[in-house]
């Protein structure tokens, strides 16, 4: 267990974020390494929810899980309808969208030059 004041590694944070989003049934989770493209962050994590409530739940759960490990967001911003919520942890920025908003903003296209991470090993396999 990580005590407050003992920072998680970037990799530990990334894994916790992805596993948390997956556990709450976040859709189409993408992790993109953008270190060489911007000074904003090293990684963007992009996910969408199936409703405004689901979108808010995804963001709240990530924030809760990281806070439990002593990691507080530098900033949290959301539009009034919870169609897009941003959690900024400095080195990792999480974009939680409602599906239609994600399709509209197409962040993955904007950051297409980033390195798409293979996160399949972190996701729970569903029987579909």
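Summary table
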quantity: Selection from segment 55-81 of residues that are in contact (Cβ under 8 Å) with a residue 24 or more places away in the chain and surrounded by fewer than 19 Cβ atoms within 10 Å (Cβ to Cβ); calculated: 56, 57, 61, 65, 69, 70, 81
quantity: All positions within segment 82-128 that are part of a helix (DSSP H, G or I) and either free of Cβ contacts under 8 Å to residues at least 12 places away in the same chain or within 16 Å of residue 18 (Cβ to Cβ) (or both); calculated: 103, 104, 108, 109, 110, 120, 121, 122
quantity: Residue 77 modelled with pLDDT of 90 or more and either assigned to a strand (DSSP E or B) or closer than 17 Å to residue 11 by Cα (or both); calculated: yes
quantity: Pick from segment 33-53, criterion over 10 Å from the mean Cα position of the chain (by Cα) and assigned to a strand (DSSP E or B), ranking: nearest to residue 10 (Cα to Cα); calculated: 33
quantity: Criterion: under 19 Å from residue 123 (Cα atoms), surrounded by 16 or more Cβ atoms within 10 Å (Cβ to Cβ) and at pLDDT 95 or above - qualifying residue of 94, 85; calculated: 94
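The values are calculated or read from the model by the stated rules, or taken from the named source; none is laboratory data. In this text the structure is predicted, and so the values were computed from the model without any measurement. Note: ideal-geometry Cβ built from the backbone for every residue, glycine included; neighbour counts use all protein chains shown.
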